[in-house]
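Just so it is clear, none of the values below were taken in a lab; they were calculated from the coordinates. In this text, all values refer to a predicted model and were calculated from it rather than measured experimentally. A quick note on method: Cβ atoms are made from the backbone with ideal geometry, for glycine too, and the neighbour counts reach across all protein chains shown.
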Amino acid sequence: MSATIQTLAPAAEQPRQLPPQMTSRLEGELLEVSMGPQHPSTHGVFRMNVALEGEIVRRLKPVFGYLHRNHEKIGENTSYLGSMPYTDRLDYFCSMTNNWAYALSVEKLAGIEVPERAEYLRVILAELTRLQNHASLLGFLLSDMGAWGTPLMYAFREREKIFRVAIWFAHDVRLHAFRRMPS
C-alpha cells in the first residue's frame, strides 16, 4: 500500500476556477404546453395554451370551450320541464345551483310566484351543494399538493353524506327534478 502526500500551494497562488455555465440545448426555443383544466368540472370549458422559454411565459392564449352550445340548441326544441335536466350538466359539482338559477329565470320570465317554503328549500339545497363542492375542492387541492388519494377519498366520503341529506330533502327523486316539483 502506498500513500502519496501532496502539499497544497497557498490560496493566492491557485488560479480560481468558475463553475461552467449551464446551457440548454433548447435555449431560445419555445416550449408550447396546454395547461388545464385546473378543476375537474371545467373539462371542455377552459384551458390555456402557454409558450414557455425556460421558466418565463412568453405567450398565453386562453381557449374557451363550447360546453354550453348543445344546451342552447336542445332548449330551442324543448319545454321548460324538458330543459331542466340539462342545466345540471353545465357544472357537475354545483348542479343544484345551476338548476335553481334556471328555474328562477324561467319563473321570472313567466311571472310565476314560488311559495316561500320552496324558496327556503332551494336555499338549503344550494348551501348543501356549496358545502359538497368545497369538500371536493379540498380533496383535489390536497391531492394536487402531493397527498396522493387519501384526502380525496375522505372528501368524497363527506360529499356522499351531504348528498344523502339532499336526497332526503328531495324525497328520493333525482335531484334535478326537485326544482320543478310542486310544493
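Here are the numbers:
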{"read-out": "Cα-Cα pairs of region 80-142 separated by more than 18 Å (percent)", "value": "43 percent"}
{"read-out": "Extension gain from Ala147 to His134, taking 0.36 nm per residue of separation minus the Cα-Cα distance", "value": "3.0 nm"}
{"read-out": "Label-point separation in nm, Phe156 to Ile56, each point 7 Å along Cα→Cβ", "value": "4.3 nm"}
